[in-house]
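**Student:** Got a structure for you, questions after.
The values are calculated or read from the model by the stated rules, or taken from the named source; none is laboratory data. Bear in mind the structure is a predicted one, so any value in this text is a computation, not a measurement. With ideal geometry, Cβ positions are generated from the backbone for all residues, glycine too; neighbour counts draw on all protein chains shown. For the accessible areas, the whole protein counts, side chains as well, though only heavy atoms, and no ligand, DNA or RNA atoms are used. Shrake-Rupley method; radii C 1.70, N 1.55, O 1.52, S 1.80 Å.
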Amino acid sequence: MRFLKIKNKSSSILIFFVLLSVFTGFLSSCASAPEKEEESPEEPGASSIPLNRDPRQLSFFWGISEEALSDIEKASPQSIRHGLSLLRKSDLEYRENEKVLIYTAVNIMQTAWPSEKIDFEEPLLSSDSPYSGAIRSVKYGLYDTSTGKSDYLLTLLPSLVIVKAEDVSMFYKDAVEDLTVCLKKYPDSVLVNYLFGLLYRKNKEFERAQAYLAQAAKGQSENFECAYAQAENLNMLGKYKESFSISQELLEKNPRNISVLNLNAKNAFKLKNYSVSEECIAKILQNNPNDLESLLFRIRILVEKKDFIHAASLLDVYSRQDSTSRDYLLLRARVQYDWSKNTSAAIATVESALRMYPDDQELKLFAARLANVSKTKISGKSSEDIANDVLMNDPANDIALQYAVEGLVQKGEWKKAYEQSSIIVARPNADQESIFLHIKICLAIGKNDEAWNFISPLYKTQSSDEQVVQTYITVLQESGKSSQALNLINQLLPDSSSRMKSFLYYRRSLLKSREEEVLSDLRSSLIANPRNSESLFKLYEIYYKKKDFRKAQYYLKQVVALNPNDINMRNLSDELTLKLSSQ
């Protein structure tokens, strides 16, 4: 439209009255027109857009293919490609709102689905818009609350920031509200379910996240982002087998992807598939030898494989870069205890680590373990005290409860030990070590029937397991079923391993009444295993009772050498030494 340029005053007056006359006539015609005639598009002067028009006709994207807009709103990789194909023009003469929609689609793809390829380039926009503004905010890591949310895309776009944000707490509520609105329109939207899943996962709501991520991955088996997010969340939920199934498949398609290699290594480690785990970590280290986190992970794998020589060597390499890392100190202590058998050094390392990381649960658990085996206090606390510290923050921690029970057993507080041990064995996932300890406690307080009820079904299904058989024989003897125990011992002796023979001879010695037979079995036990503390201690008791203190001391010293941290044994040895010196 052209604007008239007014040359003089008289012309201005004339034009003014002409325009006034036209305007007055227009108002008069509007006032006199029947109401029903306004609805007719055929009447002169009536609106050209029907009143019952699609609300989208008032939107920024009015005039664009409804199918193309819907495809881009749904925002799966496939629907974005299809929507863009519908928008493609051979002459490349796009209207501004078409350019904005293409720009939005391309940026959604690049942000949410970076592994996917599209042949549309980001168009150059003539002017700014709420859509481009929201996308720019996402690139800056901001959740844009100023879009107005006047349509679906303006409601959705701010939530794209979830993909890259580490901390979602600042915009969590806004994102939940906006994504809920979007999900009502497209319940099966891959993008909305994916963003909801990521939001909940990053907020550590892993159970809630899983439902959305599973929905996003449904029908998107070829999409990397959906599959990886689901596998990662399954790992967080402790569903390592399910996660490993997905991460293995991803690794076959993306053999050099560092994130996939790392996730697959973690899953394999949890499933005790250490060879696969180490292979994945080795590939990461080949790509980046200075990745200290992966180096520590490899050391951890080696420790679990009991390859202590290589683990110790790599710990020395790591210590040149960082000797105060919590993981480094914990692994160093484990190598010192499990390989070097240097309990004192391991305790010193753990105490140093606890001074730097006093609230670390894993360090506390290892300290409780060391306190149990060494029968000493660590940082001034017994194993029971340390375990109770953990249980205050995590009452369901079975490992801490186990260490607390072991500490009570060492103190001889059998009734308290029974109460806590009963909690452990009542759980469906109770391991055999917990069951064996509970049986020991039951026998100590005379609950022989309960001990039998635990060991009997185990023996029926695992009669080839040495520890099961040893516990079964012990329960038979303590329950007064001596003849059954003796028959089983005699049956097993000829074909047993040396350690098993040592146990069997010791248990048979307890069933004999004649001293010569008892001594014969105990000596046979020590021939099979010279380090059998029970047989050595039994010989000490026999000779002490006979007042042959020299021989008693001979056997007791060996018990002390095998259990250097057992205070009770040391006390007995000191008393015997004093008795001999006074003779």
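**Student:** Report the charge-dipole magnitude of segment 226-336 in Debye, nearest 20, computed about the Cα centre from +1 at each Lys and Arg Cβ and -1 at each Asp and Glu Cβ. Mind showing how you got there, number by number?
**Tutor:** Values: 16 positive and 13 negative charges, 53 e Å.
Taking the Cα centre of segment 226-336 as origin, the dipole is about 260 debye.
**Student:** Computed on alpha carbon atoms, what radius of gyration and Dmax characterise segment 155-302, expressed in Å?
**Tutor:** 16.5, 52
**Student:** Next question, about the same structure. If you take the square roots of the eigenvalues of the alpha-carbon gyration tensor of segment 140-221 and sort them as a ≥ b ≥ c, do you get rounded (a/c under 1.5), prolate (a/b over b/c) or oblate?
**Tutor:** Here segment 140-221 falls in the oblate category.
**Student:** For 479, 189, give me the order by solvent-accessible area with a 1.4 Å probe, most accessible first, ignoring ligands, DNA and RNA.
**Tutor:** On the way: 479 40, 189 5 Å².
My answer, sorted largest first, is 479, 189.
**Student:** Which listed residue (105, 143, 210) has the Cα farthest towards the positive end of the charge dipole for segment 93-217, taking +1 on Lys and Arg C-beta and -1 on Asp and Glu C-beta about the Cα centre?
**Tutor:** Value: 210.
**Student:** How large is the dipole of the chain about the Cα centre if only Lys and Arg carry +1 and Asp and Glu carry -1, each at its Cβ, rounded to the nearest 20 debye?
**Tutor:** Details: 74 positive and 76 negative charges, 555 e Å.
With Lys and Arg at +1 and Asp and Glu at -1, about 2660 debye.
**Student:** Amide H neighbours of residue 254 under 5 Å, counting only residues 5+ apart in sequence or on other chains, H built in-plane at 1.01 Å?
**Tutor:** For residue 254, whose amide H was placed from the backbone, there are no distant partners under 5 Å.
**Student:** Here's a follow-up. In what order, largest first, do 145, 349, 577 sit by accessible area if the probe radius is 1.4 Å? Mind dumping the intermediate values first?
**Tutor:** Working: 145 90, 349 20, 577 65 Å².
Sorted descending by solvent-accessible area, the residues read 145, 577, 349.
**Student:** Follow-up question, since we're still on this one. Let me check against my output: what whole-number percent is the relative contact order of the chain, with C-alpha pairs under 8 Å and at least 6 apart? Provide the component values of the computation, followed by the final result.
**Tutor:** On the way: 622 pairs, mean separation 23.8, N = 583.
About 4 percent, as a whole number.
**Student:** Round to the nearest 10 and report in Å² the accessible area of residue 280, as given by a 1.4 Å probe over the protein chains' heavy atoms.
**Tutor:** 10
**Student:** Next question. When each pair of different Cα atoms in the chain is counted once in the 1/r mean, what is the Kirkwood radius in angstroms, to one decimal? Please report the intermediate quantities before stating the final value.
**Tutor:** On the way: mean 1/r = 0.0318 Å⁻¹.
31.4 Å is the Kirkwood radius here.
**Student:** Hey, another quick one. For 82, 310, 438, write out the residues from largest to smallest accessible area, computed with a 1.4 angstrom probe and no ligands counted.
**Tutor:** Most to least solvent-accessible, the answer reads 310, 82, 438.
**Student:** Would you please give the residues with an amide H less than 5 Å from that of residue 188, counting only those at least 5 places away or on a separate chain, with H modeled from the backbone geometry?
**Tutor:** Here nothing satisfies the definition.
**Student:** Under 25 °C and 0.890 mPa s, how fast does segment 504-583 diffuse according to Stokes-Einstein, given a Kirkwood radius computed over C-alpha pairs? Answer in µm²/s, whole number. Before the final figure, lay out the partial values.
**Tutor:** Numbers: Rh = 12.9 Å.
Answer from the Stokes-Einstein relation: 191 µm²/s.
**Student:** Given the options 462, 497, 303, identify the residue whose Cα lies farthest towards the positive end of the charge dipole of the chain (+1 on Cβ of Lys, Arg; -1 on Cβ of Asp, Glu).
**Tutor:** Comparing the listed Cα positions along the dipole, 497 ranks first.
**Student:** For a distance above 21 Å, tell me the whole-number percent of Cα pairs in segment 397-500 that qualify.
**Tutor:** On the way: 1991 of 5356 pairs.
Taking all Cα-Cα pairs of segment 397-500, the fraction more than 21 Å apart is 37 percent.
**Student:** Residue farthest toward the positive end of the dipole of the chain, with Cβ of Lys/Arg at +1 and Asp/Glu at -1: which of 402, 555, 451?
**Tutor:** With unit charges placed on the Cβ atoms, the residue in question is 555.
**Student:** Would you kindly calculate the mean projected area, averaged across all directions, of the convex hull enclosing the Cα atoms of segment 213-273, in square nanometres? Don't skip to the end; give the middle numbers.
**Tutor:** Working: hull surface 14.5 nm².
Quarter of the Cα hull surface area: 3.6 nm².
**Student:** Here's another thing I want to ask about it. Ranking request for peptides 490-496, 235-241: highest mean number of other beta-carbon atoms within 10 Å first, then the rest in descending order. Don't skip to the end; give the middle numbers.
**Tutor:** Values: 490-496: 12.3, 235-241: 15.4.
The densest-packed peptide leads the list: 235-241, 490-496.
**Student:** Hey, if you drop one equal point scatterer on each alpha-carbon of segment 316-421 and run the Debye formula without solvent, what base-10 log of I(q)/I(0) do you get at q = 0.11 Å⁻¹?
**Tutor:** Here log10 of I(q) over I(0) equals -0.34.
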